[in-house]
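Please read through the structure below; I'll follow up with questions.
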Amino acid sequence: MDRYLHGHAEPVVASHAARTVESSAAYLLPCLRPGLRVLDVGCGPGSITLDLARRVSPGEVVGVDASAQVVAQARSAAREAGDERTTFEVADAMALPWADDSFDVVHAHQVLQHVTDPVGLLREMARVTRPGGLVAARDADYEAMTWAPAHPGLTSWLELYRTAARGTGAEPDAGRHLLGWCHSAGLTDVAATASVWCYADEAARQWWGGQWQRRVVESGFHDEVLRQGLADEGSIAHVVEGWRAWTSSPDGWFVVVHGEVLARVPAAD
C-alpha cells in the first residue's frame, strides 16, 4: 500500500483546496469542451474536479481518492457549490472501478509522484480512457525547485523531503519522468510540457511559506522523517526557521517546476 507522504492534515488539504484548473491544469484547458466525461484521479478536496465540471458541463465528471476524509470534503464542496452532477468516490487508483473505455479524459494532478508504480497507474488510467481520449498528468519536480534568499533550513527541507519520499518507494522528481513513464506504459502519442508556480509577492509568500511552516510540523512529512530516522525535532525546528525566514523576507522568491503530459490513447488494433 502506497504511503502518502503529506498525509491529510488541515494545512495540506487547505493548500490542495486552493487549486484550480487555471493554476494547476492550464495545459489541459485547450482540450476541454462541453459534454466530455472526465475522471479526476487523486482528486483530494475536489477543487480542480469541480472546476473541470464547470468547464465540460453538461458533461459528467467523477473524482476519486483513496482517502474517505477528503472525499467527504469534496462532496461537501460540491453541495456548497450547488453542483449535483459531479460525483466523488473512494477508490484505489491502481484498480479503478470502471470498465475499459469509460472516459474521454482521465486526469491526475500531483499523484504519480506519490505512488510506487507510476507506470502501472498510467496504464490503469489509459485502460479506462476511450480510444482517442486523453490521459493527462502534471507533477512537481522537487530537485528542480529553486528559491531565494538561500537558507540552510530550506536546503535541509528539500533534502529531507526527497529522501523521505524515496523511503516510501515514491519518486519526488516525478515531473521529469512523466514522458518516459508514458512511453513505458505504452502511450506513444504524448505531448510533454512544463510550467511553474511562482511565489514572489507578499501575499504569495505568506500563503506558501505559512502553510509549509505548518506542514513541516503537522503533516505526514513530519511523522515520516521521524519514522525513517532522518531527523529529530531539533532538525525539524531548523527547517521551520528556514521557512519562517523565507516567508518574512521581502526578497523571497520560490519556483515550483512541473512536468506535464497529454497522452492520446490509441485505437485498438
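What pairs come out if I take residues in the stretch 213-237 that are closer than 21 Å to Gly169 by Cβ and pair them with residues that are in a helix (DSSP H, G or I) and open to solvent by 20 Å² or more (accessible area, probe 1.4 Å) whose C-beta lies under 6 Å away, six or more apart or interchain?
Val225/Leu160; Gln228/Gly167; Leu230/Leu160; Leu230/Thr163; Ala231/Leu160
Another one. Quick one: Ala136 ticks every box in (1) touching a Lys or Arg at 6+ places or on another chain (Cβ under 7 Å); (2) over 23 Å from Phe221 (Cβ atoms) except a single one, so which number is it?
The number of the failed condition is (1).
Another question about this same structure. Among the helices (runs of 4 or more DSSP H) lying completely within the stretch 1-120, list those that include at least 2 residues that are open to solvent by 60 Å² or more (accessible area, probe 1.4 Å). Even if it seems obvious, please write down each step before you answer.
On the way: elements: 10-17, 21-24, 47-56, 68-81.
The qualifying helices (runs of 4 or more DSSP H) are 47-56, 68-81.
Can you pull out the residues in the stretch 246-269 that are under 21 Å from the mean Cα position of the chain (by Cα) and open to solvent by less than 20 Å² (accessible area, probe 1.4 Å)? Talk me through it step by step, then tell me what you get.
Of all residues in the stretch 246-269, those under 21 Å from the mean Cα position of the chain (by Cα) come to 254-264.
Scanning the stretch 246-269 gives Phe254, Val255, Val256, His258, Gly259, Glu260, Val261, Ala263.
Being more than 19 Å from the chain's Cα centre (by Cα) and open to solvent by less than 60 Å² (accessible area, probe 1.4 Å) is the requirement here; does Trp243 meet it? Don't jump to the end; show me each part of the working.
On the way: more than 19 Å from the chain's Cα centre (by Cα): yes; open to solvent by less than 60 Å² (accessible area, probe 1.4 Å): yes.
Considered against the rule, which asks whether it is more than 19 Å from the chain's Cα centre (by Cα) and open to solvent by less than 60 Å² (accessible area, probe 1.4 Å), Trp243 comes out as yes.
Any idea which of Ala81, Ala99, Ala108, Ala95 is modelled with pLDDT of 95 or more and within 20 Å of His6 (Cβ to Cβ)?
Exactly one residue qualifies, and that residue is Ala108.
Right, another one. Which residue out of Leu187, Leu179, Leu158, Leu134 is open to solvent by less than 40 Å² (accessible area, probe 1.4 Å) and either closer than 28 Å to Trp243 by Cβ or touching a Gly at 6+ places or on another chain (Cβ under 9 Å) (or both)? Give the derivation first.
Values: Leu187 fails: either closer than 28 Å to Trp243 by Cβ or touching a Gly at 6+ places or on another chain (Cβ under 9 Å) (or both); Leu179 fails: open to solvent by less than 40 Å² (accessible area, probe 1.4 Å); Leu134 fails: either closer than 28 Å to Trp243 by Cβ or touching a Gly at 6+ places or on another chain (Cβ under 9 Å) (or both).
After ruling out the rest, the residue left standing is Leu158.
The values are calculated or read from the model by the stated rules, or taken from the named source; none is laboratory data. The structure displayed is predicted, hence computed values, not measured ones. Heads up, the Cβs are rebuilt from the backbone with ideal geometry, glycines too, and the neighbour counts pull from every protein chain shown. Accessible surface is based on the protein model in full, side chains and every heavy atom, while ligands, DNA and RNA are left aside. Shrake-Rupley method; radii C 1.70, N 1.55, O 1.52, S 1.80 Å.
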